[in-house]
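One structure below.
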Amino acid sequence: MNSKDIIVSGLKDVRLIDNKVDESPLKYNEALIENEVSLISPGTELSRVYGIKQGVEYPVYTGYICIGKILEKGEGLEDIKVGDRVLFNGNHKQYQRFTHGGKNLELIVKVDDELSSFDASLTYISLIAINGVLATDIKLGDTVAVIGLGIIGIITSLLYQLAGARVIAVDPVKSRTDLATNLGIKEIVNCEPEKIVEEVLRLTSDRGADITVDTAGNSGAIITAINCAGLNGQVLLTGSPRSSHIGDINPVLNRVHMKMLKIIGGFNGLFPYYETEGSRLCVERNLKYIMKCLKNKDIDASKIISHVMSPTECQQAYKGLMEEKDIYQCVAFDWKKLNK
């Protein structure tokens, strides 16, 4: 079987290539899937395209958020059938084999029939956001400052607001704060990075936030999040720092110590896939909640996805996300456009 696949051939060099799909018999938990929609995860993928991630080697396939149709399946995939639409953690490829491992980045999950493929494409990145939210000890009356309003930051803000928190959503890019307002986030701060701490302290009567969240994956933003946190606060890190940062760490660690802050790593994969004895929290439960939010427009994919592009436009998609942040918020590839 022939497939069109997106590949990062070298630094800033993204292209669509012809490839062959292995046609040997499928394994027990493996499926052959035709992609319908795949979503770019900006932080992870731009770090490969632009060489921000240290040690990246080319060529490399990127992407891990796809909605597709099952063409064939192994006998171990009992919860899905041929023809089902599924969420899976595959690359940006037209056709591919993928194995369900039942854990982070190894999922094949049936999509709710009431969701369009574009709405459903936000499910996994929302799963990353809810994983972080549930890692914090949120209480009624808490104030949460979310720093960075990319896709994960926007969704994190919405989830905290749904949980009853007072959310202060912060970003220096005006188009992002405008989107946050449009989505119903109530308190927005649009200011230069060096003024974020001052603004958050002003809005919290100099106390600082109960929970601060870095979604940017930037070491400078993490320091800002720590400086925005109040006494006995929590600092959630949902972004992964990839570039070097030079500075004096002592003032940061001193604040963590003196304010008795708790630093929480929010990398996806905190919870088991199914509910286990002693914990009701699990990926299966989180997926159901996220799909409900998408259906109810509590998370409105039609407003968050700024560009739907053909895979043939892959180079421009990544360039736009990196160099035109005020225009490109969230990009989805429509694989059906290859057939037109």
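Restricting attention to region 244-268, the residues being loosely packed, with under 14 Cβ neighbours inside 10 Å and not aliphatic (A, V, I, L, M) number 9. Of all residues in region 138-149, those satisfying the criterion of being in a loop (DSSP other than H, G, I, E, B) and either of a type in the set (Gly, Ala, Ser) or surrounded by fewer than 23 Cβ atoms within 10 Å (Cβ to Cβ) (or both) are ILE138, LYS139, LEU140, GLY141, ASP142, GLY148. Looking at region 272-285, can you tell me whether even one residue there is out of contact with any helix residue (DSSP H, G or I) (no Cβ under 6 Å at 6 or more places or on another chain) and either part of a strand (DSSP E or B) or under 20 Å from SER47 (Cβ atoms) (or both)? Within region 272-285 (the criterion being out of contact with any helix residue (DSSP H, G or I) (no Cβ under 6 Å at 6 or more places or on another chain) and either part of a strand (DSSP E or B) or under 20 Å from SER47 (Cβ atoms) (or both)), the answer is yes, since at least one residue qualifies.
Taking region 318-333, which residues are charged (D, E, K, R) and in a loop (DSSP other than H, G, I, E, B)? Passing the criteria: GLU324, LYS325, ASP326. In region 219-244, the residue that is nearest to MET258 (Cα to Cα) out of those that are at pLDDT below 95 and of a type in the set (Ser, Thr, Tyr) is SER219.
Among the residues of this structure, ILE52 does not count as one that is closer than 20 Å to ALA216 by Cα, of a type in the set (A, V, I, L, M) and buried (at least 19 other Cβ atoms within 10 Å of the Cβ). Here ILE130, ILE152, ILE125 are screened, and the one residue that is touching a Ser or Thr at 6+ places or on another chain (Cβ under 6 Å) and not in a strand (DSSP E or B) is ILE152. Among the residues of region 176-212, those that are crowded, with 17+ Cβ neighbours inside 10 Å and under 20 Å from the mean Cα position of the chain (by Cα) comprise ARG176, THR177, LEU179, ALA180, LEU183, ILE185, ILE211, THR212.
The values are calculated or read from the model by the stated rules, or taken from the named source; none is laboratory data. Keep in mind the model is a prediction, meaning the values are calculated, not measured. All Cβ positions, glycine included, derive from the backbone under ideal geometry; neighbour counts span all protein chains shown.
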